[in-house]
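Enquirer: Structure in structure tokens, see below.
The values are calculated or read from the model by the stated rules, or taken from the named source; none is laboratory data. Since the model is a prediction, treat every value here as computed from it, not as a measurement. Backbone-built Cβ (ideal geometry, glycine too); neighbour counts: all protein chains shown.
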Amino acid sequence: MVLTERTLLGPGPSNPYPEATAGLAAPLLGHLDPEFIKILERTCEGLRALWGTANPVTLPLSGTGSIGMEAAFANTVRPGDVAVIAVNGLFGVRMCEVASRYGAEVVRVDHTWGEPVDVERVMAAHPAPAVVAAVHAETSTGVRSDIAALGAAVRARWDDTLLLADCVTSLGGIEVAIDAWGVDVAYSGTQKCLGVAPGLAPFTFSERAWRRRVEAPPVWYLDLGLLGAYVRGGPGGRTYHHTAPVAMIASLDAALRRIEEEGMDAVAERHRAAGLRLQEGLQEMGLELFTAEGHRLPQLTSVRVPEGVDSAKVRHELLADYGIEIGAGVGEYASSVWRIGLMGHNARLDRAELVLTALRRVLGR
């Protein structure tokens, strides 16, 4: 799914994000070392800035983006609660599966894959849900949905309904404004636009969500009451919860400081320009983009595999001959769609030109 040029992953002059790499390679601190606690606190503060929130419960969960999804529903859904979930791709489907496992009565609002979430249809799905959930940037198709509009609708109609947003492929690549949009719970992953190795799930949980959280969710590891005491501390000080992945958190801390130095507006513009060039170039080659025009993510482009072309063979040649990995589609689109990511350090015009040149050669165009 993510375009990965192998030579860019290691340290050295070709690696534009040496700070994040250095975080992984630095001598390890103990997970209770006061210096590590400072890094953890700085990381949480950096995540608040990037999320656009003042939520005290904002932290990197120890696990990939999927654990963020799990934590979101584990701490907000009780058996019998109604969860209205917009589905316009694979990760909306997964939301339904996770919510149902925690006992939610799932009201699924299906959309055509590649189309954005229809706010009016979601709002009409149930008169008083406990939770409304949607994917901001659908990783399986490359479509962006208007979470700001959904948040405004939810907040205008219901006082207690919680809004959950999957931001795995949006945080650090395009605008995310949790407080301004009225989002209560959101999660992401480090391996996308943040440009950090996979292994952490940036997570944020609003005060409204905290007041009506599940006090003792059926999964101990993701109990935010316990995690909150670890991250925020309390009258008795910080309470040990688990052994944190110290190198990963140091790497995330470095990435957040790099984004702050570059400026999120500049980061978003870099992603926008690279994605636009890639999409224009693909269309110039006669390829058809999969996602609805006007709702395409710049950082993840889905394109239909040309008629008669062996999708797997092309992907293999790109990886073997050029060191470039692009992803297949998922589900019924597994062999008919390619997904090309320009995220983090690959969100640059030269990376867009690289993948276009390689694809032209492999396709003979």
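Enquirer: Can you name the strands (runs of 3 or more DSSP E) wholly within the range 21-129 that have at least 3 residues being buried (at least 19 other Cβ atoms within 10 Å of the Cβ), in contact with a Pro (Cβ under 9 Å, 6 or more places away or on another chain) and not assigned by TED's automatic domain parsing to the domain that holds Ala216?
Expert: In the range 21-129, no matching strands (runs of 3 or more DSSP E) lie anywhere.
Enquirer: Continuing with the same structure: Could you grab me the full set of residues in the range 213-229 that are over 15 Å from Tyr187 (Cβ atoms), assigned to a helix (DSSP H, G or I) and touching a Lys or Arg at 6+ places or on another chain (Cβ under 8 Å)?
Expert: Gly225, Ala229 - these are the residues of the range 213-229 that are over 15 Å from Tyr187 (Cβ atoms), assigned to a helix (DSSP H, G or I) and touching a Lys or Arg at 6+ places or on another chain (Cβ under 8 Å).
Enquirer: Here's another thing I want to ask about it. Go through the range 238-271 and count every residue that is without any contact (Cβ under 8 Å) to a residue 60 or more places away in the chain and not small (Gly, Ala, Ser).
Expert: Looking only at that region, the number is 6.
Enquirer: Continuing with this model, one more query. Tell me, please, whether a residue that is part of a helix (DSSP H, G or I) and either hydroxyl-bearing (Ser, Thr, Tyr) or surrounded by fewer than 20 Cβ atoms within 10 Å (Cβ to Cβ) (or both) can be found in the range 131-148.
Expert: Yes: the range 131-148 contains one or more residues that are part of a helix (DSSP H, G or I) and either hydroxyl-bearing (Ser, Thr, Tyr) or surrounded by fewer than 20 Cβ atoms within 10 Å (Cβ to Cβ) (or both).
Enquirer: Scan (1) of a type in the set (A, V, I, L, M); (2) without any contact (Cβ under 8 Å) to a residue 12 or more places away in the chain; (3) touching a strand residue (DSSP E or B) at 6+ places or on another chain (Cβ under 6 Å) for the single condition Ala209 breaks and write down its number.
Expert: Every condition holds for Ala209 apart from (2).
Enquirer: Give just the number: which of (1) of a type in the set (S, T, N, Q); (2) surrounded by fewer than 24 Cβ atoms within 10 Å (Cβ to Cβ); (3) closer than 22 Å to Ala99 by Cβ does Ser188 not satisfy?
Expert: All conditions pass for Ser188, except number (2).
Enquirer: Checking Ala268 against (1) crowded, with 17+ Cβ neighbours inside 10 Å; (2) in contact with a helix residue (DSSP H, G or I) (Cβ under 7 Å, 6 or more places away or on another chain); (3) not in a loop (DSSP other than H, G, I, E, B), which single condition isn't satisfied?
Expert: Failed condition: (2).
Enquirer: Hey, Phe203 hits all of (1) under 29 Å from Arg272 (Cβ atoms); (2) in contact with an Asp or Glu (Cβ under 9 Å, 6 or more places away or on another chain); (3) not aliphatic (A, V, I, L, M) but one; which does it fall short on?
Expert: With respect to (1) under 29 Å from Arg272 (Cβ atoms); (2) in contact with an Asp or Glu (Cβ under 9 Å, 6 or more places away or on another chain); (3) not aliphatic (A, V, I, L, M), Phe203 is out only on (2).
Enquirer: Taking the condition of being hydrophobic (A, V, I, L, M, F, W, C) and surrounded by 18 or more Cβ atoms within 10 Å (Cβ to Cβ), how many residues in the range 290-313 meet it?
Expert: Within the range 290-313, residues that are hydrophobic (A, V, I, L, M, F, W, C) and surrounded by 18 or more Cβ atoms within 10 Å (Cβ to Cβ) number 5.
Enquirer: Further question on the same structure: For the range 155-180, give me each residue that is surrounded by fewer than 24 Cβ atoms within 10 Å (Cβ to Cβ) and either in contact (Cβ under 8 Å) with a residue 24 or more places away in the chain or hydrophobic (A, V, I, L, M, F, W, C) (or both).
Expert: The answer is Arg155, Ala156, Arg157, Trp158, Asp160, Thr161, Ile174, Glu175, Ala177, Asp179, Ala180.
Enquirer: What pairs come up if the first residue lies in the range 125-136 and is at negative phi, the second is acidic (Asp, Glu), and their beta carbons are under 7 Å apart, counting only those six or more places apart or on different chains?
Expert: If the second residue must be acidic (Asp, Glu), the pairs left are Ala130/Asp81; Val131/Asp81; Val135/Asp166; His136/Asp166.
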